[in-house]
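First the structure, in the form of structure tokens, and then the observations on it.
The values are calculated or read from the model by the stated rules, or taken from the named source; none is laboratory data. Because the structure is predicted, anything quoted here is derived from the model rather than measured. Cβ sites come from the backbone with ideal geometry, for glycine too, and all protein chains shown count toward neighbours.
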Amino acid sequence: MYADVYAFIAILCLLFVLFNIAYFVPIISRRPVVLYKKFIQGKWEKHGVDSAGTEWTFSYAFEDGKFEMLGDPRFQVSGKYRIVKEVEKLVVLELSQISGESAHTIAPVMQVSISIDNKNDKISIDNRSYDRVA
């Protein structure tokens, strides 16, 4: 009599384990797909003229987890980035290990949102549009 009860409990435990495996394995294996990881790679630039008539340039460069911001007149900041999330055509980056000019005024870890315009081969950061440099 006890053998039947133990067998029944063992079968229930086995079914419990199988149902948990069937439920959690697909969830664990689903990793977020990053569509624009390769798109943002490269150098992006914006040009303009200030109120005094002086031309200026500002650029972002993203390559293999490293970024660099360059500005003319003199501005340079570099560090590492990683993609935190991607929502449709918006990529959120986490910038860390930031060094360079004005690095003391920048937080040690920052988040930057990049809007993707793949039809026109442009990105937007802080509502400013940047063109890809060939």
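I'd like to know if the range 64-83 contains one or more residues that are of a type in the set (D, E, K, R), on the phi < 0 side of the Ramachandran plot and outside the structural domain of S113 (by TED's automatic domain parsing). Taking every residue of the range 64-83 in turn, none turns out to be of a type in the set (D, E, K, R), on the phi < 0 side of the Ramachandran plot and outside the structural domain of S113 (by TED's automatic domain parsing). In this structure, K37 does not satisfy being of a type outside the set (S, T, N, Q), part of a strand (DSSP E or B) and under 16 Å from the mean Cα position of the chain (by Cα).
Selection within the range 59-102: residues that are under 25 Å from D121 (Cβ atoms) and β-branched (V, I, T). The member of this set that is surrounded by the most Cβ atoms within 10 Å (Cβ to Cβ) is V91.
A single entry from V84, V77, V91 fulfils the requirement of being in a strand (DSSP E or B) and in contact with a helix residue (DSSP H, G or I) (Cβ under 8 Å, 6 or more places away or on another chain): V77.
Please go through the range 48-58 and give me each residue that is surrounded by 12 or more Cβ atoms within 10 Å (Cβ to Cβ) and not hydroxyl-bearing (S, T, Y), ordered by number.
Quick first cut of the range 48-58, residues surrounded by 12 or more Cβ atoms within 10 Å (Cβ to Cβ) only: 56-58.
Across the range 48-58, the qualifying residues are W56, F58.
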